[in-house]
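The values are calculated or read from the model by the stated rules, or taken from the named source; none is laboratory data. On a predicted model such as this, the values are computed, not experimentally measured, just so you know. No Cβ is skipped: glycine too gets one built from the backbone with ideal geometry, and neighbour counts run over all protein chains shown.
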Amino acid sequence: MATTQRGIHDDVNPQGKASRPLAVYGIAAVAALGGLLFGYDTGVISGAELFLQKDFALNSFTEELAVSSLLIGAIIGALAGGKLSDAIGRKKTLIVMAIIFAVGAILTSLMPNLILFIACRILVGFAIGVASFVSPMYIAEMAPPKLRGGLVTFNQLAVTIGIAISYWIDLAIANANLGWRPMFAVAAIPGVALLIGMLFLSETPRWLAGRDRWDEADKALNYLSPADKEVELKSIHEAVTGGSPPSIRTFFRTGLSLALVVGVGLALLQQFVGINTVIYYAPTIFGYAGFKSASGAILATSVVGVVNVIGTVIAILLLDRVGRRPLLLVGCVGMAIALAAMGIVFQIGPNNAGVLILIGLLVYIIAFAIGMGPVFWLLSSELFPTRLRGTGGSISTVANWGGNLLISITFLSLIDVIGKPFTFWLYALLAVIAFFFCWFLVPETNGRNLENIEGYWKNGRKWQ
Ligand code: BGC
């Protein structure tokens, strides 16, 4: 059977009756609630900070701790999540995380002091760390190749919707003078929705097959992708029974170590281009640019949140048409230009700096949202062979959260030490490095069967 650029399913099912799109979209939407919680719980802190400062009498160190505790929890979650989802399955992992999200949201909103608040944020962060790669992995393993890119990107869309909702809810709750507690409690609603939804969904065929539960894998595929079932079963069979048992050392055999380099490299670069300086500190950046009132800065931030969602919708429409690489490359160029231009605005300090920075941030966020944002998470669920997907996805996710923590806790100090223009130019340089990394190392996975991608690495980066 010939494999074309569009993938082996074209050969098998030219009429495109390979799947049940409606069911598959429903499944992706439920699992993507994990992404919504990821976005909400990370975004919510920016609006809550002012209230926490007052209630817990925060100084700059304890404020940094209040912000970054979630990221510490997420690193631990990403570390544990690979083993957990391989051991108990993707479905049960998401169910346990949904419970932690819901209970954690209520507990956070009730905490009487900073220590207990931080403990709750670490707990919720743990669930975010696990869900940030198990949700896209669950979707990737349920989706037929033709729909996979767009569907996995549902998760990133949900992350951006979560961030945007958190900005608007923060704004509404702040305007109503209700303080920080309800801001966190609201996250219990999507937590419960994720729990209920996952109870109705099945385990992924690939995980079932890896556990030798072929009858159930067969049943799941029969439901998800009836016309493609035989081909899918065959390729899953080859992947889960061939070769040595799963081990981290497997990565270091020829070819697979490079898959890990690409996964981890993209994870770090996604953060090093500075996305979360915008997500967490946008009101501060607008303040630097001369926005006089806090509410004006927060409103501008909410607009950035909406544009982030719009950019991600554009990515979903394009990913399976033009492929992953063009979006990544165009996105890196856009980010580099926007960051360099913002550095220049800060350097020159024109009268209309506020508007120029708003335009710069909007171009930057669109460029991130069509490229690095969705494509990193998609590739981290596609790059690794089935047996190593849990471990590989987990390592890249840990690197992503580690990079996130590093950038988030150094941004304000960088501004102090090297100044605003050089800070933005540094991120611009990192966007240029990201461009070359993607150009030379990232393969085009569009339309490829997951097992076909494994072959690419094993054959010294050649498609068969
Ligand atoms: C990143 C997050 C970021 C979000 C913004 C995600 O892909 O991993 O760190 O906050 O995009 O949309």
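Using the structure shown, decide if P136 is within 20 Å of L22 (Cα to Cα) and touching a Ser or Thr at 6+ places or on another chain (Cβ under 8 Å).
yes
Would you confirm, using the coordinates I've provided, whether A336 is in a helix (DSSP H, G or I), within 13 Å of the ligand (Cβ to nearest atom), of a type outside the set (K, R) and within 23 Å of the chain's Cα centre (by Cα)?
In short, no.
Consider segment 156-185. How many of its residues are touching a helix residue (DSSP H, G or I) at 6+ places or on another chain (Cβ under 7 Å) and more than 14 Å from G311 (Cα to Cα)?
Total satisfying the criteria: 17.
I'd like the residue in segment 196-242 that is modelled with pLDDT under 85 and basic (K, R) and, out of all such residues, is farthest from P385 (Cα to Cα).
K229
Would you be able to say whether some residue in segment 287-301 is of a type outside the set (G, A, S) and within 15 Å of T160 (Cα to Cα)?
Within segment 287-301, one or more residues are of a type outside the set (G, A, S) and within 15 Å of T160 (Cα to Cα).
If you take the residues of segment 380-399 that are hydrophobic (A, V, I, L, M, F, W, C) and under 22 Å from L71 (Cα atoms), which of them is farthest from the ligand (Cβ to nearest atom)?
Within segment 380-399, the match that is farthest from the ligand (Cβ to nearest atom) is I395.
Scan segment 410-421 and report the pairs whose first residue is surrounded by 15 or more Cβ atoms within 10 Å (Cβ to Cβ) and whose second residue is at pLDDT below 90, with Cβ atoms within less than 7 Å and a gap of 6+ or a chain change.
Here the result reads F411/T277; F411/Y281; K420/Y288, each pair linking segment 410-421 to a residue that is at pLDDT below 90.
Among (1) under 14 Å from G47 (Cα atoms); (2) modelled with pLDDT of 95 or more, there is one condition Y280 misses while meeting the rest; what is its number?
It fails just one condition, (2).
Please find, among F272, F286, F291, F346, the residue that is over 29 Å from W439 (Cα atoms) and at pLDDT 90 or above.
The unique qualifying residue is F346.
Just need a number here: residues in segment 155-187 that are among the polar types (S, T, N, Q) and part of a loop (DSSP other than H, G, I, E, B).
Residues flagged as among the polar types (S, T, N, Q) and part of a loop (DSSP other than H, G, I, E, B) within segment 155-187 amount to 1.
Just wondering, is there one or more residues in segment 280-303 that are within 15 Å of the ligand (Cβ to nearest atom) and touching an Asp or Glu at 6+ places or on another chain (Cβ under 7 Å)?
Checked against the condition, which is being within 15 Å of the ligand (Cβ to nearest atom) and touching an Asp or Glu at 6+ places or on another chain (Cβ under 7 Å), segment 280-303 yields no hits at all.
Pick from L58, L50, L65: which is more than 16 Å from the ligand (Cβ to nearest atom) and either more than 27 Å from the chain's Cα centre (by Cα) or of a type outside the set (A, V, I, L, M, F, W, C) (or both)?
Testing whether each residue is more than 16 Å from the ligand (Cβ to nearest atom) and either more than 27 Å from the chain's Cα centre (by Cα) or of a type outside the set (A, V, I, L, M, F, W, C) (or both) leaves just L58.
Here are F437, F424: which of them is buried (at least 20 other Cβ atoms within 10 Å of the Cβ), of a type outside the set (G, A, S) and modelled with pLDDT of 90 or more?
Within the list F437, F424, the selection yields F424.
So the check is Cβ under 7 Å with 6+ separation or different chains; which pairs have a first residue in segment 386-406 that's over 25 Å from K458 (Cβ atoms) and a second one that's of a type in the set (S, T, Y)?
L405/S68
Every residue in segment 360-374 that is of a type outside the set (A, V, I, L, M, F, W, C) and more than 11 Å from the ligand (Cβ to nearest atom), please.
Scanning segment 360-374 gives G360, Y364.
Pick from A300, A315, A338: which is modelled with pLDDT under 95, closer than 27 Å to L379 by Cβ, of a type in the set (A, V, I, L, M) and touching a Leu at 6+ places or on another chain (Cβ under 8 Å)?
None of the other options fit; the residue is A315.
Quick check on my filter: what residues within segment 416-464 are touching a Leu at 6+ places or on another chain (Cβ under 9 Å) and of a type in the set (F, W, Y)?
F422, F424, W425, Y427, F435, F437, W439, W457 - these are the residues of segment 416-464 that are touching a Leu at 6+ places or on another chain (Cβ under 9 Å) and of a type in the set (F, W, Y).
Listed residues I115, I196, I139; which is out of contact with any strand residue (DSSP E or B) (no Cβ under 7 Å at 6 or more places or on another chain), part of a helix (DSSP H, G or I), within 16 Å of the ligand (Cβ to nearest atom) and of a type outside the set (G, A, S)?
Checking each option against the conditions leaves just I139.
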